[in-house]
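Take this structure, written in structure tokens, and hold onto it; I'll ask about it next.
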Amino acid sequence: MGVTGKVLGVALGAAAGAAGVAVAGGAVRAAQQRRMRLARDIDDTIPYGSLHSEPITVVADDGVPLHVEIDPVDPAPSGRRAKTAERPVTVVFCHGYALNLDCWHYQRAAFRGLVPMVFWDQRSHGRSGRSPSEDATLDQLGRDLKRVLDLTHDDPVVLVGHSMGGMTIMQLAEQHPELFGTKVVGVALLSTTAGGLDPGRILFPMLPAGFGSGLVTRVVGALSRGHRAVDALRNRGHDLALTITDAYAFGPEVAGELVEFVYDMLNQTPFDVVADFYPAFAELDVWSACPVLATVPTAIICGTGDKITSIGHARKLHARIHGSDLLECDGAGHMVILERPDEVNAELGQLVTTAGDAAAAG
């Protein structure tokens, strides 16, 4: 609050400013307390990739089987449940390119038992079935997400997407805007964009922006035809690939086990799957979905050191999605969900609480 000396005098302005600071400080403390009631402290002893539940198969509209896991709420959980009236808010997590549902390790550990959660492997990734090449598109991923949402029945949902998973959510918003504000009551977009991405930097972030993207596309296409040889080389070049993963997926000073965990997910994704989805990023343009997302509480999260989808993409989303929150994690890289779990989980906890309260009030 500014000093209004010309109207009410310097003293009154200073008093009003002090009151504003006190109120703001109280609001921040209240928000922090609400976050702490929802998210657990992270247990660092849980092995990466070990959190799973009984799998369910959802069949996509083209017949591809999608691997889905649902974590229910504990009968008597410690902490605060997020509710919409008598119905729990279900959080649906959508992972990124060449990863799988295990990438949500820290979020699953923090919220497990406190809020219902749905995790799924995107087509051709993780434990899901292989997609025909012609259906390896972001548009199809949006339709797949709609099928997964059918599992949640009438429960309101908060959608959380990292990288390609965020693009999946924005595709759904374009396809089914009527779901937002009714079925979908909140959205989190992490390390993602709605368009304008240089696809060459997805696989080769060390290249200058705009450098030979057409050439990179042709190279990826050529390599995909010999994908078995490429996969064999990837396995032999472990140390080099690990170094590249560390440099371009994370910020500085990340634990080696975490880099190895991400490398393993990337390495388990066959190169021909990487090549199948690669052209979709050049065509991405879902900025028209931003007004739809503005109808629900939306959180945007990105590391300022992200070399894949830079912080500029997050800021542009924030500017286009009116009323959204933007969390910039200083120095963090593209895998901010693993690199800065405390910051990310606090923001997600606040989003789930806010979305649930708003849906209940509405």
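The values are calculated or read from the model by the stated rules, or taken from the named source; none is laboratory data. Model, not experiment: these values are computed from the prediction. Neighbour counts are summed over all protein chains in view; Cβ atoms, including those assigned to glycine, are modelled from backbone coordinates with ideal geometry.
Can you say whether A289 is assigned by TED's automatic domain parsing to the domain that holds A188 and either without any contact (Cβ under 8 Å) to a residue 60 or more places away in the chain or within 30 Å of D44 (Cβ to Cβ) (or both), as far as the supplied structure shows?
no
Here is a further query. Only one of these conditions is not met by Y97: (1) in a loop (DSSP other than H, G, I, E, B); (2) more than 12 Å from the chain's Cα centre (by Cα). Which number is it?
(2)
Look at R81 and say whether it is modelled with pLDDT under 75, surrounded by 11 or more Cβ atoms within 10 Å (Cβ to Cβ) and touching a Ser or Thr at 6+ places or on another chain (Cβ under 9 Å). Outline the logic, then answer.
Working: modelled with pLDDT under 75: yes; surrounded by 11 or more Cβ atoms within 10 Å (Cβ to Cβ): yes; touching a Ser or Thr at 6+ places or on another chain (Cβ under 9 Å): no.
Criteria not met by R81.
Another one. Look through segment 316-362, keep the residues that are in contact with a helix residue (DSSP H, G or I) (Cβ under 7 Å, 6 or more places away or on another chain), surrounded by fewer than 21 Cβ atoms within 10 Å (Cβ to Cβ) and among the aliphatic types (A, V, I, L, M), and return whichever of them is nearest to G181 (Cα to Cα).
For segment 316-362, the residue satisfying everything is L326.
List every residue pair whose Cβ atoms lie under 7 Å apart, where the two residues are 6 or more positions apart in sequence or sit on different chains, the first residue falls within segment 294-320 and is under 19 Å from G333 (Cβ atoms) and outside the structural domain of V89 (by TED's automatic domain parsing), and the second residue, located anywhere, is in a loop (DSSP other than H, G, I, E, B) and at pLDDT below 95.
If the second residue must be in a loop (DSSP other than H, G, I, E, B) and at pLDDT below 95, no pairs are left.
I'm told F119 meets every condition in (1) surrounded by fewer than 16 Cβ atoms within 10 Å (Cβ to Cβ); (2) among the hydrophobic types (A, V, I, L, M, F, W, C); (3) touching a helix residue (DSSP H, G or I) at 6+ places or on another chain (Cβ under 7 Å); (4) at pLDDT 95 or above except one. Can you identify the failing condition by its number?
Just one mismatch for F119, condition (1).
Go through (1) out of contact with any strand residue (DSSP E or B) (no Cβ under 7 Å at 6 or more places or on another chain); (2) at pLDDT 65 or above for R225 and report which single condition fails.
All conditions are met except number (2).
Out of the residues in segment 145-172 that are surrounded by 19 or more Cβ atoms within 10 Å (Cβ to Cβ) and out of contact with any strand residue (DSSP E or B) (no Cβ under 6 Å at 6 or more places or on another chain), which is farthest from D276 (Cα to Cα)?
L149
Those residues that are in a helix (DSSP H, G or I) and either aliphatic (A, V, I, L, M) or closer than 30 Å to D41 by Cα (or both), I need them from segment 113-164; list them, please.
L138, L141, L145, V148, L149, L151, T152, M164
Restricting the search to segment 259-279, which residues are farther than 22 Å from V336 by Cβ and assigned to a helix (DSSP H, G or I)?
F271, D272, V273, A275, D276, Y278, P279
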